[in-house]
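Novice: I'd like to ask some things about the structure below.
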Amino acid sequence: MLDYVSFLQNLSNGLLIGGVYALIGVGLTLVFGVMKTINFAHGDFVILGMYCAVLLNTLFGWDPYLTLLVAMPLGFLTGAILQRLVLSRLVEAPPESSLLVTLGLALVIGNILLLTFGAEPQSVHVAYASSTLSLGEISLSVILLLAGLATLIVITALYAILNHTELGRSIRATADNRLGAELVGINTRWIEAVVFGIGMALAVTAGVVLIPLLFATPTFSGAIFTLKAFVVTVLGGLGNIGAAIAGGLLLGVVEVLGASYLTSDYRDAYGLLVFLLVLLLRPEGLFGKTVKRV
Amino acid sequence: MKKLLAATAVAPWLLMTQPVLADIEIGVINSLSGAFAAFGQRYQAGMEVALEEINSAGGVKGEPISLRVQDDRSEASSALAAVESLNRQDVPLIMGSYASSITGPMAQLMTRKEIPLIVLGSADNSITKPGSPWVFRAKHNSTIVAKTYFDYFDYLRENFDDSLKTVAMLYGNGAWPESLAKEGARLAEERGYEVVGNASYDQGTFDFRPILNRFRAEDPDLLYVVAYAEDGVAIARQLREVNLNAKAVAIDTGAALPSFINQVGDLSEYVATVVSWSKDVQRDGVEDLYQRLKAKTGEEPTFYEAEGYLALRVAADALERAESLERSDVRDALAETDLDTPVTHVKFESFDGFQGQNPIRSLVLQIQDGEHVTVFPADLAAEKVRYPTPSWDER
Amino acid sequence: MNRHYLILSGLVVLGILYPQAFPGYLSVAITLLLFAGWATAWDILGGWAGQVSLGHASFVGLGGYFVAVGASQYGIAPWWAVAMALVAAAVLAYLWGRLTFKLTGPYFTLSTIAIAEILRLVAINEGWLTGGATGVFIMSLPEPFGLDLFARQTNYYLALAFAALTVLTVIAMSRNKFGYQLRAVREDEDSAMASGINPTTVKLKAFMLSGALTALGGGIYAIFLSFLEPHVIFYLLLSVQIALTAIIGGRGTIWGPCVGALLVVGSGEVFRTTFAEANMLIYGLLIMLVVMFLPRGIVGEPARYLIRRAYAKRAQS
């Protein structure tokens, strides 16, 4: 009954969309892993990246991918500064404070964008917006392929940094045991700033990569991206980088297959249902290490 | 913190003692911040153009008019507070707002308080059906828009291609898309079209490939899409990507914005969309209005600005004719409206269960050579319809 | 602790007089009272039991829809609709809690978002049940004892009663066994268990109470708006606003949520009329500042200071 070609088409679309989700989620998971902070402004960081691409495109006509050269360092700096100025003050505060302050931050970012760029949705139109590559009878969107490629590069680079550099070791040490890390002389306060910076740079990257596909709106889509990022992160396992990819891919496939073979109006619910199931049955995430949480 | 608290406590008294100005003040409740700010700002620009026009022509009853604008933050409870606030300032009438979730509660409250309401943006049927003697809408509603689409499809069927039969419908799950889809489904059945696809999506979705792939298997003659700006662009791009060919494609709202053509490029050709106003509709004064709106915003104006303009023109006309600025007199004057504007003719009527609704003739625009062109109804059209839409392989 | 009852009675008296003094400012006051009630109700779960929920809009929606659909489609009087909504909300909270209470901290919070989002999609897509995305109008309501339920004054007194009821519940709770059990569970579930408290049962009771009270407010909200759209009333942002109101004021305190409502709704209204487009920006900044400088909330922070000082004094003497 199931049409073989269309199933493969849907599956590959799901994987490609999943790649985009993974890119959105990976920054959130990194920040959570190290700082135990749920960043509600993550989606708005993604939007910031989009506007960065829009701005550079309208001013200088840059291709969105070129703007990454500016957007990533800028995102890193902004993130690190935000962490020093705002989040670092909350170490002594109750655990939900960071969640709240980032909620406030989300409102602030969205509304600054609204005041500067206006409420009109903006996008960058690229010539390859609806080009496809054909693979037998299956056609793949070029933009989604590029996004997938970006995800792969970014996550590989992140993995390399975490596992093969001194900085990475310090980050992992801080994530595992903050006090222990401090005892062996790691300046965890700076590590946290760096991590938040990387998290923001990753979110901004996701925004830039998505702009040929999507519109940037100042106050509307931030929360949607944040929610997707949460789902991805929890599916994979909060704080686990590699698993964010798996979580993203899973979410993409579940959504697309659900929308194709069940009914499209519950598309977001399919992802959320799987999310709940994972939360309940395996709270450490599908691919997280089984640790006893205290 | 203490200062802020004190400010919070004192502020209502400050607001109450604001000086009353000499000119006639018209209340406006508009979404200037929050989710609907994009539309709110466009309505605002349109109202300002009308304001300049009215005041330079001598105002109303020999007095200049001014607008008392209050932001509703794109939410109903702020709009209700704004109604009370404007009520205290004794405005003769209020214009507002964009979303039906805001305008609906406003209409209910203002009916009870007996303040005339001129609907600014909300097109939902429920605002004027059953309506109230205090609520007036010069722009279209879901039924009128859906009917215009199917009149257009009928026109294509009669004049170009009597084999048009199947229609696939795709719409967001917001109030407006859903009510257009419901009306569309009803009209499709009434007029002998077969609905071969019917799918909705949650707002914020950007991947329509699963739905469009399903539609492609059904090979529909007509595609009836109701989407906002972002979704509209994504859908148009993905139509090409999945190679879905329909003989005529209609995309409501999204395709009516100038940015749609910029964003979608050549792929936007042949797409049709229904609006209440366009710059090339065959009416007096259209070119002049177009230039003024364009000068105000600095960009290509849309039907949103025109609707803002229209609402204030209607308000000023009623105030001019009203015996006094008493609200009941203003209401009576509004009910008697018979006004010709460069946007449309306005006359509030009761029909088909509607009340205080202008039976506006909506227009179908088609994108031709990178421009929105009015193609239907024939007597208001600037150009001929291009039909059929060639398949993607031939473009 | 009788002074809390005293303060409440004083406030209620002031509240009763308010419409006479400011008849033109009822909508803001209604919104404020509803948020005070919702935030207080939220706090039973979020503050007293320590389970931060970002899904309470579901209960507002549930209460609102029982009243709206009941009135417009089945001709059910709003008081019966509210009574049914209370039961439904308690059942929903029970099932919801059963499902998710084994999760803790951020995991629980995330699960509430997920469930609330699924419920939002159900409310939008199941048109036969809710009237669908286009919303429901409440066109007419019965008039008990000639009372016009749509009138702003009536809405106001309903909202006042709702807010007073929730605060009363919390005052009573703070002093009885249930309140102590809640705090024990919040501080340390294992020790609570050791002293014979079943944490899940206690949390479930808190969630059911919190949900039912929130739904009650939702019913009043529906009459106040007289038009409901699922997008708006089941929206994540409403859940966030309710939680923020309580947290800004001070979680786990009796008056914190009310003070939070005064600040959030009051400042929102002032900013709306004074800062125009920038009002949401100022609001966001305000939230950040409160969290950064008064992390336990406006009431919570001074209360903590006072308690500490009292301890210090006692230790000295």
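Novice: Are there any strands (runs of 3 or more DSSP E) wholly within segment B:190-268 with 2 or more residues that are touching a Gly at 6+ places or on another chain (Cβ under 9 Å), among the β-branched types (Val, Ile, Thr) and in the same structural domain as B:TYR171 (by TED's automatic domain parsing), and if so which?
Specialist: B:222-227, B:248-253
Novice: Filter segment B:383-395 for residues that are surrounded by 17 or more Cβ atoms within 10 Å (Cβ to Cβ) and hydrophobic (A, V, I, L, M, F, W, C) and give the result.
Specialist: Of everything in segment B:383-395, just one residue is surrounded by 17 or more Cβ atoms within 10 Å (Cβ to Cβ) and hydrophobic (A, V, I, L, M, F, W, C), namely B:VAL385.
Novice: Looking at segment A:78-88, which of the residues that are of a type in the set (Val, Ile, Thr) and either within 14 Å of chain C (Cβ to nearest Cβ) or surrounded by fewer than 16 Cβ atoms within 10 Å (Cβ to Cβ) (or both) is farthest from A:ILE47 (Cα to Cα)?
Specialist: Among them, the one singled out is A:VAL86.
Novice: Would you check if B:LYS129 is charged (D, E, K, R), part of a loop (DSSP other than H, G, I, E, B), within 14 Å of another protein chain (Cβ to nearest Cβ) and within 19 Å of the chain's Cα centre (by Cα)?
Specialist: Considered against the rule, which asks whether it is charged (D, E, K, R), part of a loop (DSSP other than H, G, I, E, B), within 14 Å of another protein chain (Cβ to nearest Cβ) and within 19 Å of the chain's Cα centre (by Cα), B:LYS129 comes out as yes.
Novice: Sticking with this one: Considering only residues that are surrounded by fewer than 24 Cβ atoms within 10 Å (Cβ to Cβ) and of a type in the set (Lys, Arg), which ones fall in segment A:231-275?
Specialist: Of everything in segment A:231-275, nothing turns out to be surrounded by fewer than 24 Cβ atoms within 10 Å (Cβ to Cβ) and of a type in the set (Lys, Arg).
Novice: Looking at (1) in contact with a Leu (Cβ under 7 Å, 6 or more places away or on another chain); (2) among the aromatic types (Phe, Trp, Tyr); (3) within 12 Å of chain B (Cβ to nearest Cβ), which is the one condition that is false for C:PHE227?
Specialist: Of (1) in contact with a Leu (Cβ under 7 Å, 6 or more places away or on another chain); (2) among the aromatic types (Phe, Trp, Tyr); (3) within 12 Å of chain B (Cβ to nearest Cβ), only one is false for C:PHE227: (1).
Novice: In addition: Among the residues in segment C:254-263, are any farther than 19 Å from B:SER78 by Cα, among the β-branched types (Val, Ile, Thr), more than 9 Å from chain A (Cβ to nearest Cβ) and crowded, with 19+ Cβ neighbours inside 10 Å?
Specialist: Within segment C:254-263, one or more residues are farther than 19 Å from B:SER78 by Cα, among the β-branched types (Val, Ile, Thr), more than 9 Å from chain A (Cβ to nearest Cβ) and crowded, with 19+ Cβ neighbours inside 10 Å.
Novice: Exactly one of these conditions fails for B:VAL274: (1) of a type in the set (Val, Ile, Thr); (2) under 30 Å from B:VAL91 (Cβ atoms); (3) at pLDDT 90 or above. Give me its number.
Specialist: Unmet condition: (2).
Novice: Looking at segment C:282-294, is at least one residue among the small types (Gly, Ala, Ser), without any contact (Cβ under 8 Å) to a residue 40 or more places away in the chain and within 25 Å of C:ARG186 (Cα to Cα)? Full working, then the answer.
Specialist: We begin by selecting, within segment C:282-294, every residue among the small types (Gly, Ala, Ser); these are C:284.
Narrowing further to those that are without any contact (Cβ under 8 Å) to a residue 40 or more places away in the chain: C:284.
Still in the running and within 25 Å of C:ARG186 (Cα to Cα): none.
There is no residue in segment C:282-294 that is among the small types (Gly, Ala, Ser), without any contact (Cβ under 8 Å) to a residue 40 or more places away in the chain and within 25 Å of C:ARG186 (Cα to Cα).
Novice: Could you tell me how many of the residues in segment C:264-288 are more than 8 Å from chain A (Cβ to nearest Cβ) and assigned to a helix (DSSP H, G or I)?
Specialist: 14
Novice: Assess whether A:VAL91 counts as being facing chain C (nearest Cβ under 7 Å) and more than 30 Å from B:ALA236 (Cβ to Cβ).
Specialist: Values: facing chain C (nearest Cβ under 7 Å): no; more than 30 Å from B:ALA236 (Cβ to Cβ): yes.
Here the answer is no, as A:VAL91 does not meet what is asked.
Novice: Looking at segment B:211-231, can you tell me whether even one residue there is closer than 15 Å to B:LEU164 by Cβ, modelled with pLDDT of 90 or more and surrounded by fewer than 21 Cβ atoms within 10 Å (Cβ to Cβ)?
Specialist: Checking segment B:211-231: at least one residue is closer than 15 Å to B:LEU164 by Cβ, modelled with pLDDT of 90 or more and surrounded by fewer than 21 Cβ atoms within 10 Å (Cβ to Cβ).
Novice: List every residue pair whose Cβ atoms lie under 8 Å apart, where the two residues are 6 or more positions apart in sequence or sit on different chains, the first residue falls within segment A:255-275 and is more than 8 Å from chain B (Cβ to nearest Cβ), and the second residue, located anywhere, is outside any helix (DSSP H, G or I) and hydrophobic (A, V, I, L, M, F, W, C).
Specialist: What qualifies is A:TYR270/A:LEU262.
Novice: Looking only at residues that are assigned to a helix (DSSP H, G or I) and either over 10 Å from the mean Cα position of the chain (by Cα) or of a type in the set (Gly, Ala, Ser) (or both) in segment A:228-241, which one is farthest from the other protein chains (Cβ to nearest Cβ)? Don't jump to the end; show me each part of the working.
Specialist: Narrowing segment A:228-241 to residues assigned to a helix (DSSP H, G or I): A:228-236, A:241.
Right, trim to either over 10 Å from the mean Cα position of the chain (by Cα) or of a type in the set (Gly, Ala, Ser) (or both) and you get A:229, A:231, A:234-236, A:241.
Values: A:ALA229: 11, A:VAL231: 7, A:VAL234: 6, A:LEU235: 11, A:GLY236: 13, A:ILE241: 18 Å.
Result: A:ILE241.
Novice: While we're here: Just to be sure I understand the filter: pairs with C-beta atoms under 6 Å, separated by 6 or more residues or on different chains, first member in segment B:288-309 and in contact (Cβ under 8 Å) with a residue 24 or more places away in the chain, second member of a type in the set (Asp, Glu) and assigned to a helix (DSSP H, G or I). Which pairs pass?
Specialist: Partner pairs satisfying both residue conditions: B:LEU293/B:GLU305.
Novice: Can you tell me which residues in segment B:222-271 are in contact (Cβ under 8 Å) with a residue 60 or more places away in the chain and closer than 14 Å to B:TYR149 by Cα?
Specialist: Scanning segment B:222-271 gives B:LEU222, B:TYR224, B:ALA248, B:VAL249, B:ALA250, B:ASP252, B:THR253, B:ALA255, B:ALA256, B:VAL271.
Novice: Examine segment A:180-188 for a residue that is at pLDDT below 85, polar (S, T, N, Q) and surrounded by fewer than 24 Cβ atoms within 10 Å (Cβ to Cβ), and state whether such a residue exists.
Specialist: Checking segment A:180-188: at least one residue is at pLDDT below 85, polar (S, T, N, Q) and surrounded by fewer than 24 Cβ atoms within 10 Å (Cβ to Cβ).
Novice: Sticking with this one: Where in segment A:101-195 are there helices (runs of 4 or more DSSP H), lying wholly inside it, with at least 1 residues that are more than 9 Å from every other protein chain (Cβ to nearest Cβ) and closer than 23 Å to A:ASP63 by Cα?
Specialist: The qualifying helices (runs of 4 or more DSSP H) are A:142-164.
Novice: Say we look at segment B:316-375 and pick out the residues that are of a type in the set (A, V, I, L, M, F, W, C), touching an Asp or Glu at 6+ places or on another chain (Cβ under 9 Å) and part of a loop (DSSP other than H, G, I, E, B); which of these is nearest to B:ASP284 (Cα to Cα)?
Specialist: If we take residues in segment B:316-375 being of a type in the set (A, V, I, L, M, F, W, C), touching an Asp or Glu at 6+ places or on another chain (Cβ under 9 Å) and part of a loop (DSSP other than H, G, I, E, B), then B:VAL343 is nearest to B:ASP284 (Cα to Cα).
Novice: If you check B:LYS147, B:LYS182, which single one turns out to be surrounded by fewer than 22 Cβ atoms within 10 Å (Cβ to Cβ), within 12 Å of another protein chain (Cβ to nearest Cβ), under 21 Å from the mean Cα position of the chain (by Cα) and in a helix (DSSP H, G or I)?
Specialist: Details: B:LYS147 fails: within 12 Å of another protein chain (Cβ to nearest Cβ).
The conditions single out B:LYS182.
Novice: A further question on this structure: For segment B:132-143, name all the residues that are part of a helix (DSSP H, G or I) and either buried (at least 24 other Cβ atoms within 10 Å of the Cβ) or among the charged types (D, E, K, R) (or both).
Specialist: B:SER142, the sole residue that qualifies.
Novice: Given the options B:LEU51, B:LEU93, name the one that is crowded, with 24+ Cβ neighbours inside 10 Å, more than 14 Å from chain A (Cβ to nearest Cβ) and touching a residue at least 24 places away in the same chain (Cβ under 8 Å).
Specialist: B:LEU93
Novice: May I ask you to verify whether C:THR214 is surrounded by 23 or more Cβ atoms within 10 Å (Cβ to Cβ), of a type in the set (Val, Ile, Thr), in a helix (DSSP H, G or I) and within 12 Å of chain A (Cβ to nearest Cβ)?
Specialist: For C:THR214, the condition - surrounded by 23 or more Cβ atoms within 10 Å (Cβ to Cβ), of a type in the set (Val, Ile, Thr), in a helix (DSSP H, G or I) and within 12 Å of chain A (Cβ to nearest Cβ) - is not met.
Novice: Moving to a separate point now. Just a yes or no: is a residue in segment B:213-227 over 21 Å from A:ALA129 (Cα atoms), out of contact with any strand residue (DSSP E or B) (no Cβ under 7 Å at 6 or more places or on another chain), among the hydroxyl-bearing types (Ser, Thr, Tyr) and more than 10 Å from chain A (Cβ to nearest Cβ)?
Specialist: No, every residue in segment B:213-227 fails to be over 21 Å from A:ALA129 (Cα atoms), out of contact with any strand residue (DSSP E or B) (no Cβ under 7 Å at 6 or more places or on another chain), among the hydroxyl-bearing types (Ser, Thr, Tyr) and more than 10 Å from chain A (Cβ to nearest Cβ).
The values are calculated or read from the model by the stated rules, or taken from the named source; none is laboratory data. The structure displayed is predicted, hence computed values, not measured ones. Heads up, the Cβs are rebuilt from the backbone with ideal geometry, glycines too, and the neighbour counts pull from every protein chain shown.
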